[in-house]
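Since the structure comes first, as structure tokens, the remarks are kept for the end.
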Amino acid sequence: MFKEKLNGMEGLTFNDVLILPARSEVEPNQISLNTRFSKNISLNIPIVSSPMDTVTEFKMAISMARSGGIGILHRNMSIEKQVKMVYAIKRSDEFIIRKTITASPDDSVSHILSLMRSENVSGIPILKDNKLLGIVSTRDIRGISGSKLASEVMTKDVIAAKENVTVDEAFKKMYDSKIERLPIINDKNEFIGMVTMHNIMEREKYTDAVRDIEGRLLVGAAIGPYDLERAKKLDAESVDIIVIDCAHAHNMNVIKSAKNIKDNISADLVVGNIATAEAAEDLVDFADGLRVGIGPGSICTTRIVTGVGVPQLTAIATVSDLAKRYNVPVIADGGIRFSGDIAKAIAAGADTVMLGNLLAGTKESPGREVTIKGRLYKSYRGMGSLGVMGGTDRYSQVGQTKFVPEGVEGVVPFKGSVEDVLFQLTGGLKSAMGYVGAKDIESMQRKARFMKITNNSILESHPHDILITDEAPNYPLY
């Protein structure tokens, strides 16, 4: 009886296999990395930043979306702070800023100046009954008495555009008129929002950015498995993805709650973490994406503490076989150390990979910087670590209990900008796809074949029999 439990059970992870090279006519510069993170959200690169408090906050989420991926804001913060962060990210690169600070013609100059300082803006539209009357800029009120009214100092002959204006049309109108702000109005002369030259220039720099239907950057946010209130408030702020952030999503209480959350939001819902086909089968009816990984992360101790888990490559392949039948994308979460591991995860069926360690050392991560023996590091910790359990709000949220830590805290070397790291990772992935003859993610999943290798093969795969004197950006010496 007990021996039968072990028959045929074999688990493989990234170091256990290599992808076989194949006949190819594909060059790396011909390859598309477009993929799906969930049923309704597409990305230009198959990389997602993990919802960890030393990985993804405002700066990381913006950089990920501008580069073609997406960031998932961690939930180790108040609902209000997380919602405010989504709002700020959505506003950062949007073409028409629809939630614009406005004032009335009867407001004083001192009030308008206070608004400018608190909202960090240099121009405020003046409205009456939502009709655009003028605009007040810092130039209009420089040296003006604070008691004067907006109607006395505003610029009245305002150059505006209709809401169907394109980016190129808006740029030309602003350039020709030598203005930095362009109010947007509808056919009834009602104020819709504002276009700024700064936002247009930012958009031009990031041609691979992923955006929603209104031209705003995509962003996701993590919630606890029972946190319906947080889900509703994030959804109201137009978050694109809500991720159920749970160590073991194949829990029937979690599944019941996740279904209820899905019924109450319009955003896509990604559920995890899981590692078996049985778990996937219980989730595919309502989940828009499945997050795979039980214990493979570099700071995760789940497998050691509990003895539970599935080697990551086997987990990805097992879940993907089931999920593909229901058209549900798979996210490989954890265990990625090199760009070659991303290629292996995708070859095994993943549509995207979720990264923590590889992004934690970037300047955009919120981790604390420390210097050790003259080298710069950034803090990195598991969301099941003792520090998170005891010193934060995460496990005091509704339905959250944890008895012992399943993660550790540490540091990772500083790696520079997210953009540079993603360039190396996507470059390695494209090279792998070139070896296989795969022009896109779908063909990589279909064509790639694996070979199991020995421990000696692993040693052979890494640089050996040499003293490395120059560190490569995609093979750091740590």
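Any read-out appearing in this document is the output of simple, stated calculations on the displayed coordinates, not a laboratory observation. Quick caveat, the model's predicted, so the values are computed rather than measured. When we count neighbours, we look across all protein chains shown, and the Cβ atoms used for this are built from the backbone with ideal geometry, even at glycine.
Quickly work out the E214-to-V167 label distance, labels modelled 7 Å from Cα along the C-beta direction, and quote it in nm with one decimal. That separation, rounded to one decimal, is 1.8 nm. Where Lys and Arg each count +1 and Asp and Glu each count -1, what net charge lies around E27 among other residues with Cβ under 15 Å from its Cβ? In short, +1. Over the chain, dividing the summed -39,500 (n - 2.57) contributions of all DSSP H runs of at least 4 residues by the number of residues returns a 222 nm mean residue ellipticity of -9500 deg cm²/dmol. Other residues lying with their Cβ under 14 Å from the Cβ of G289 contribute a combined charge of -2, Lys and Arg counting +1, Asp and Glu -1.
Straight-line reach from K415: which aspartates and glutamates fall under 20 Å, measuring Cα to Cα and dropping same-chain residues less than 8 apart? K415 reaches D53, E57, D341, E364, E369, D470, E471.
Protection proxy ranking of 273-282, 457-466, by the mean of other Cβ atoms within 10 Å over each peptide's residues and highest first, is 273-282, 457-466.
Report, in cubic angstrom per residue, the convex hull volume of the C-alpha atoms of the stretch 142-251.
Numbers: hull volume 23.5 nm³, N = 110.
Per-residue hull volume (Cα only) is 214 Å³.
With K and R counted +1 and D and E -1, the other residues having a Cβ less than 11 Å from that of K205 yield a net charge of -3. Between I372 and E119, residue separation times 0.36 nm minus the direct Cα-Cα distance comes to 87.2 nm. Think of the stretch 109-199 as a dipole: +1 on every Lys or Arg Cβ, -1 on every Asp or Glu Cβ, centred on the Cα centre; then among T155, V167, G143, G143 lies furthest on the positive end. Ordering L73, L425 from the fewest to the most neighbouring beta carbons within 10 Å gives L425, L73. Counting other Cβ atoms within 10 Å as a rough exposure proxy, the listed residues D157, D107 run D157, D107 from fewest neighbours to most.
Lysine pair count for the stretch 109-199 (Cα-Cα distance under 19 Å; residues 8 or more apart in sequence or on different chains): 15. Legend: translational diffusion of the stretch 249-297 by Stokes-Einstein, Rh = Kirkwood radius over C-alpha pairs, 20 °C, 1.002 mPa s; D = 195 µm²/s.
Largest first and in whole Å, the equivalent-ellipsoid semi-axes of the stretch 109-199 read 23, 15, 11, each the square root of five times a Cα gyration tensor eigenvalue. For the peptides 252-259, 168-175, the ranking by packing is 252-259, 168-175, with the highest mean count of neighbouring Cβ atoms within 10 Å listed first. Pairwise alpha-carbon distances in the chain exceed 45 Å for 20% of all pairs. Among the GluC sites (Glu not before Pro) in the stretch 17-82, which ones are in a DSSP loop with at most 16 other Cβ atoms within 10 Å of the Cβ? Mind listing them? Here the GluC sites (Glu not before Pro) that fit, given the DSSP loop and packing criteria, are E25.
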